[in-house]
Amino acid sequence: MHLTRALVISNNWLDKAVNHLAGLKNIQPCFQIIPIPDYESLTKNRFSKLVTRALKNCSAQSAIVILPTSYALGTCVKYWPDIFIHTQSGILITSVVFSDEWTDCRPMIDSFLRTSVPGTGKYNATCQYQPPYTDVLNQWVEAGAENFHPGDYFKNEFLNELSKMQGHWLYWGHADSEKLRGYHHLFSDDILDHKPESPLQSTLWFSCATLDKNKEHNIALEWFLSGATQCLMASLEAIKTKDNQLLGSAWLEICQHQEVSNIADIIYHLLMQDEQTFGPILENYRLMGSPWVDFV
């Protein structure tokens with residue numbers, strides 16, 4: 001049987017993981033467990049190579065890699081698997097989470113599999129006040145997204161709306177390791193002080209360097225580690241505005257015209273549709289959290 005999803009874990013957790021997943025009858029058939037020997041004692045460079053090799057040899061279409069918590073730093077992003085990997089059976093979409101104990105993973109894995117989540121199917125479109133970005137925002141709004149046009153909100157007004165958000169938060173515009181530059185600059189502390197009561201299903205920042213690989217701390221890691229969102233897509237470095245425009249527009253088109261259900265599906269379809277165009281853009285991004293959250 002073709003296994004569509006994989007979970008990369010420490011070999012020491014194998015028995016506990018198998019027993020736990022066996023109890024989840026509705027999803028057990030679609031999971032492949034990939035244990036990594038000596039997970040805790042390997043150097044980061046060696047660990048990274050073993051994970052990539054194991055993923056290249058698996059038959060899944062998407063995977064979560066559970067990294068030790070010591071990898072939850074911007075300067076360690078280079079040891080994370082790429083957002084997509086070519087395998088013997090096609091293309092694999094990957095995401096990472098962080099844990100040092102299987103007991104901490106259990107509630108996290110369970111939360112990824114819940115089907116009833118506040119705000120399902122609600123899209124919150126945000127951007128910097130500049131025509132290339134407002135153009136993409138308008139495309140999403142015309143398709144039914146909530147309109148948070150930056151010309152209509154002062155910073156404190158937007159932060160108040162952020163605290164009440166449900167579903168998916170999308171942002172287009174400039175950014176760096178400390179802030180999103182829309183809405184008169186949204187710094188890490190600003191958004192952390194206004195994170196929603198319930199975690200967002202996803203946060204997609206079509207922007208630059210929010211997951212800055214050259215600094216230990218960055219706004220993307222802080223947002224994800226705070227528990228504000230089940231999934232976050234963020235970039236490691238600067239990306240051309242036209243590329244993020246293209247990605248945002250194509251993402252919407254895939255949702256409207258393809259049979260997709262979650263974020264992993266969408267990225268997979270983008271690459272299958274035109275890897276030559278979207279591969280170089282997506283190479284700059286990474287996923288954290290569940291790539292299986294419902295998106296449509």
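Answer yes if at least one residue in segment 178-201 is touching a strand residue (DSSP E or B) at 6+ places or on another chain (Cβ under 7 Å) and within 16 Å of ASN284 (Cα to Cα), and no otherwise. There is no residue in segment 178-201 that is touching a strand residue (DSSP E or B) at 6+ places or on another chain (Cβ under 7 Å) and within 16 Å of ASN284 (Cα to Cα).
Based on what the data block shows, is GLY173 farther than 17 Å from LEU7 by Cα, buried (at least 21 other Cβ atoms within 10 Å of the Cβ) and of a type in the set (Gly, Ala, Ser)? First the steps, then the outcome.
Details: farther than 17 Å from LEU7 by Cα: yes; buried (at least 21 other Cβ atoms within 10 Å of the Cβ): yes; of a type in the set (Gly, Ala, Ser): yes.
So GLY173 fits the description; yes.
Yes or no: GLN258 farther than 18 Å from LEU92 by Cβ and in contact (Cβ under 8 Å) with a residue 60 or more places away in the chain? So GLN258 fails the test.
For the condition open to solvent by 10 Å² or more (accessible area, probe 1.4 Å), of a type in the set (Asp, Glu) and modelled with pLDDT of 95 or more, what is the one hit in GLU259, GLU197, GLU222?
Working: GLU259 fails: modelled with pLDDT of 95 or more; GLU197 fails: modelled with pLDDT of 95 or more.
None of the other options fit; the residue is GLU222.
Looking for something in contact with a strand residue (DSSP E or B) (Cβ under 6 Å, 6 or more places away or on another chain), open to solvent by 10 Å² or more (accessible area, probe 1.4 Å) and either of a type in the set (Ser, Thr, Tyr) or part of a loop (DSSP other than H, G, I, E, B) (or both) - is there at least one such residue anywhere in segment 230-253? Yes, the conditions are met somewhere in segment 230-253. Pairing each residue of segment 264-293 that is outside any helix (DSSP H, G or I) with any residue that is among the β-branched types (Val, Ile, Thr), provided the two are 6+ apart or on different chains, yields C-beta distances under 6 Å for ASN284/ILE239; TYR285/ILE83; ARG286/ILE83; LEU287/ILE83; MET288/VAL96; PRO291/ILE93; PRO291/ILE263. Checked across segment 56-64, the condition of being surrounded by fewer than 16 Cβ atoms within 10 Å (Cβ to Cβ) and not basic (Lys, Arg) holds for at least one residue. Considering ASP82, ASP38, the condition of being open to solvent by 40 Å² or more (accessible area, probe 1.4 Å), among the acidic types (Asp, Glu) and modelled with pLDDT under 95 is satisfied by ASP38 alone.
How many of the residues making up segment 1-35 are assigned to a helix (DSSP H, G or I), at pLDDT 85 or above and closer than 21 Å to THR94 by Cβ? Counting residues in segment 1-35 that are assigned to a helix (DSSP H, G or I), at pLDDT 85 or above and closer than 21 Å to THR94 by Cβ gives 4. Among residues that are touching a strand residue (DSSP E or B) at 6+ places or on another chain (Cβ under 6 Å) and either over 17 Å from PRO291 (Cβ atoms) or of a type in the set (Phe, Trp, Tyr) (or both), ALA63 is not included. Here segment 262-296 is the region considered, the condition is being of a type in the set (A, V, I, L, M) and surrounded by fewer than 17 Cβ atoms within 10 Å (Cβ to Cβ), and the residue that is modelled with the highest pLDDT is MET272. Please work out which residue is nearest to TYR71 (Cα to Cα), limiting yourself to segment 91-110 and to residues that are in contact with a helix residue (DSSP H, G or I) (Cβ under 7 Å, 6 or more places away or on another chain) and open to solvent by 50 Å² or more (accessible area, probe 1.4 Å). Restricting to residues being in contact with a helix residue (DSSP H, G or I) (Cβ under 7 Å, 6 or more places away or on another chain) and open to solvent by 50 Å² or more (accessible area, probe 1.4 Å), the top hit is ASP100. Quick check on this structure: which one of LEU204, LEU192, LEU211 is open to solvent by 20 Å² or more (accessible area, probe 1.4 Å) and under 20 Å from VAL97 (Cα atoms)? Checking each option against the conditions leaves just LEU192. Counting the residues of segment 147-176 that are in contact with a strand residue (DSSP E or B) (Cβ under 9 Å, 6 or more places away or on another chain), assigned to a helix (DSSP H, G or I) and under 16 Å from PRO131 (Cα atoms) gives 1.
The values are calculated or read from the model by the stated rules, or taken from the named source; none is laboratory data. Note that this is a predicted model, so its numbers are computed, not measured. We place every Cβ from the backbone using ideal geometry, glycine too, and count neighbours over all the protein chains shown. Heads up: the accessible areas ignore ligands, DNA and RNA and are worked out on the full protein's heavy atoms, side chains in. Shrake-Rupley method; radii C 1.70, N 1.55, O 1.52, S 1.80 Å.
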